[in-house]
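Everything on this sheet refers to the single structure shown next.
The values are calculated or read from the model by the stated rules, or taken from the named source; none is laboratory data. As the structure is a computational prediction, the values presented were derived from the model and not from experiment. Cβ coordinates were reconstructed from backbone atoms using ideal geometry, including for glycine residues, and neighbour counts include every protein chain displayed. We work out accessible area using only protein heavy atoms, side chains counted, and drop any ligands, DNA or RNA first. Shrake-Rupley method; radii C 1.70, N 1.55, O 1.52, S 1.80 Å.
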Amino acid sequence: MTDISVSSLVKSFEIGNNILDGLSFSVDTGEHIGILGPNGCGKTTLFRILTGEIGFDEGHVAVAPSKRMGLISQIPSYPEGYSVEDVLKGAQKRLYDISSRLDELTAEMEHDQSRKLIDEYDRLLDDFRRLGGYEMDNERSRVANGLDIPPIMRAQLFDTLSGGEKTRVNLARLILEDTDILLLDEPTNHLDMHATEWLEDYLQHYSGTVLTVSHDRYFLDKVINRCIEIVNGKAEFYSGNYSFFVAERQRRFDEKMKQYEKDRAKIEQLTRAAEQMHLWAFMGNDKLHKRAFSMEKRIEKLSASEKPKEARKLEARFKQKEFSADEVASAENISKSFGERKLFSELSFTVSGGERIAVTGDNGTGKTTLMKMLNNEEQPDTGRIRLGPSVRKAYLPQIVVFDDMSRSLYDTMLYECKAQPQQARDRLGAFGFRGEDVFIPVGALSGGERSRLKLCMLMGSEINLLMLDEPTNHLDIASREWIESALSDYSETLIFVSHDRFFIDRFATRIWDFRDGKVYDFRGGWEEYCQWKERQDVFSRNAEKQQKKEAPVKREPRRGNNEKAIERTVRDIEKAEARLALLEKEAEEFSSDYQKLMELEETKSSIAAELELLYEKWEELSS
């Protein structure tokens, strides 16, 4: 079944400049598709058209009428005084309405046992069970916790949240609504790594349709199974995840370039032959003119093919200063707090030449603070940090500012880097700043452009310790690849904070993970660290389960024939039994999905244990 159909779509915001120019594609139910292309190619415009937020000039757009669609970048307005919990509960309105009607029917049936009321009650109760009514409170907490929406935030007024927090709450709302079609526009921008991994896991098990725009290549590899690239307003298709897209796009480019070069060679051959034919025709054989004209028509057709274009690659490289000592940096028992909030304590480490260290962890755990300490912008509360005497460091902060924000890019290079005029133009050009763009004030640049300019400036110095704080934030995929290209030949010490797992996986040889008030120092790459962490998590879960088994079960004191307590326990037993029955049905549906079955079995075991305690409690109360 087709969920979305787009045919010959045309949209322009300026006369004669179509951002979408004949875009056509279709999406089947359950497909998870990545919408790719450089910034400004029309990805967000397409989403706004699909949701009906804006119109289009030509073409046809159809969304299956029975399907509910949600767009993550759209944040609805809510009534004044609405809390985050109200927003989340609003996503489960249908279940709350059913629950309210069931309470009404229960009251009515105390004095009216008509078949009509009983049938309606049974039907609604079945709907309530089937739609997860008994689990809706747990489900709301599960989604909120997964997306880093803690209880304290759930109690806040929605209007008091930051833009990023509102985005997270809106994503949770869409998930709780069980939307049929999810349009995700940069969904990981305001998520830390933990929340991003939770979202990935959710989407991998999500049976609905997903269209996502993202610069997070690791995320795309995990959640999509097809790519649609928007090129010059039209769609090109790739039947795989992001890594497949990269390899296949290069293969297609190479094939087109090979064909282009083959055509150029054929044109030369035919041109020489046609000239020879015309010469012979002038010498008395007029029939040869006809053959020459035929060759020239073929030359004209071959000449119409354009040379395939490849995105410009970063041409600059870091200047490196060779490091002659063993120790680049060291810390001894450092600690740091801000007021009552302790970031870390008794942290010690040694950094050797050539190491590439990724600093990871949730927001607010102290990663940027540590980087500022290494750059001597912050001091530890206790302990000390030392850099080797021959270290020449460079630091790219998360928020980039320049000495004079009113200066142009060109003047900034001249004044802050002491560059010569032509040298400044060459280095700016190597970083994608060309033509009149170099005369734009640096204060008018986006966050990503400022980071790119700052990197351009850093590359002019000889360095052997490079520190980067979220270097790929705000950058599109092409710009991320530019930075990676520049770093690929840098062999000295690199310390970087990042949530970009693709970037971490490519460069890290050591991980500093800030979590649970500690810093975990792991010597190895990202994939190795993830495997080690999973083994540690499994060990912790097993130890916790064992501890629960050994702990004595706390029971409520005997309450005799307390009828209200008995009724409450019976209701809890019915709910638990209903949840088990629902899980049994799910197990049948996912009989071929081993991972899902394992999850269901773990949940069933937990509910069965809960049910056993409820039976014991009921027996106690009834005796």
Could you grab me the full set of residues in the range 4-31 that are touching a Lys or Arg at 6+ places or on another chain (Cβ under 9 Å), open to solvent by 10 Å² or more (accessible area, probe 1.4 Å) and either closer than 10 Å to ALA235 by Cβ or among the aromatic types (Phe, Trp, Tyr) (or both)?
GLY22, SER24
In the range 162-232, which helices (runs of 4 or more DSSP H) lie fully inside it and hold 2 or more residues that are hydroxyl-bearing (Ser, Thr, Tyr)?
193-205
Would you pick out the residues in the range 243-289 that are outside any helix (DSSP H, G or I) and surrounded by 11 or more Cβ atoms within 10 Å (Cβ to Cβ)?
ASN285
Flag if GLY448 is over 29 Å from VAL328 (Cβ atoms), out of contact with any strand residue (DSSP E or B) (no Cβ under 8 Å at 6 or more places or on another chain), at pLDDT below 90 and among the small types (Gly, Ala, Ser)
no
For residues in the range 505-559 being modelled with pLDDT of 90 or more and hydroxyl-bearing (Ser, Thr, Tyr), which is surrounded by the most Cβ atoms within 10 Å (Cβ to Cβ)?
TYR529
Hey, which of the helices (runs of 4 or more DSSP H) in the range 52-160, taking only ones fully inside, have at least 1 residues that are among the aliphatic types (A, V, I, L, M) and exposed (fewer than 11 other Cβ atoms within 10 Å of the Cβ)?
93-109, 151-154
Restricting attention to the range 398-445, which residues are of a type in the set (Ser, Thr, Tyr) and out of contact with any strand residue (DSSP E or B) (no Cβ under 7 Å at 6 or more places or on another chain)?
TYR410, THR412, TYR415
Residue satisfying all of: in the range 188-216; of a type in the set (Gly, Ala, Ser) and surrounded by 18 or more Cβ atoms within 10 Å (Cβ to Cβ); nearest to ARG48 (Cα to Cα) among these
SER214
So, of the residues in the range 360-379 that are more than 21 Å from ARG510 (Cβ to Cβ) and over 24 Å from the mean Cα position of the chain (by Cα), which turns out to be surrounded by the most Cβ atoms within 10 Å (Cβ to Cβ)?
GLU378
Residue by residue through the range 32-47, note down the ones that are of a type outside the set (S, T, N, Q) and either open to solvent by 40 Å² or more (accessible area, probe 1.4 Å) or in contact with an Asp or Glu (Cβ under 6 Å, 6 or more places away or on another chain) (or both).
LEU36, GLY37, PRO38, GLY40, PHE47
Filter the range 168-187 down to the residues that are surrounded by fewer than 21 Cβ atoms within 10 Å (Cβ to Cβ) and under 13 Å from the mean Cα position of the chain (by Cα), then identify the one that is farthest from ASN473 (Cα to Cα).
ASP185
Residues (part of a strand (DSSP E or B) and in contact with an Asp or Glu (Cβ under 7 Å, 6 or more places away or on another chain)) located in the range 348-368:
SER348, PHE349, THR350, SER352, THR360, GLY361
Pairs with Cβ under 6 Å, 6+ apart, first in the range 506-517 and closer than 12 Å to VAL351 by Cα, second open to solvent by 50 Å² or more (accessible area, probe 1.4 Å) and of a type in the set (D, E, K, R):
ARG510/ARG523; TRP512/ASP521
Tell me, yes or no, whether the range 93-111 has at least one residue that is aromatic (Phe, Trp, Tyr) and over 30 Å from ASP159 (Cβ atoms).
no
Exactly one condition in (1) aromatic (Phe, Trp, Tyr); (2) in contact with a strand residue (DSSP E or B) (Cβ under 8 Å, 6 or more places away or on another chain); (3) under 23 Å from ILE504 (Cβ atoms) is not met by TYR238; state its number.
(3)
PHE402 - would you say it is outside any strand (DSSP E or B) and either modelled with pLDDT of 85 or more or more than 30 Å from CYS530 (Cα to Cα) (or both)?
yes
Can you pull out every residue in the range 380-399 that is part of a loop (DSSP other than H, G, I, E, B) and open to solvent by less than 70 Å² (accessible area, probe 1.4 Å)?
PRO380, GLY388, SER390, VAL391, PRO397
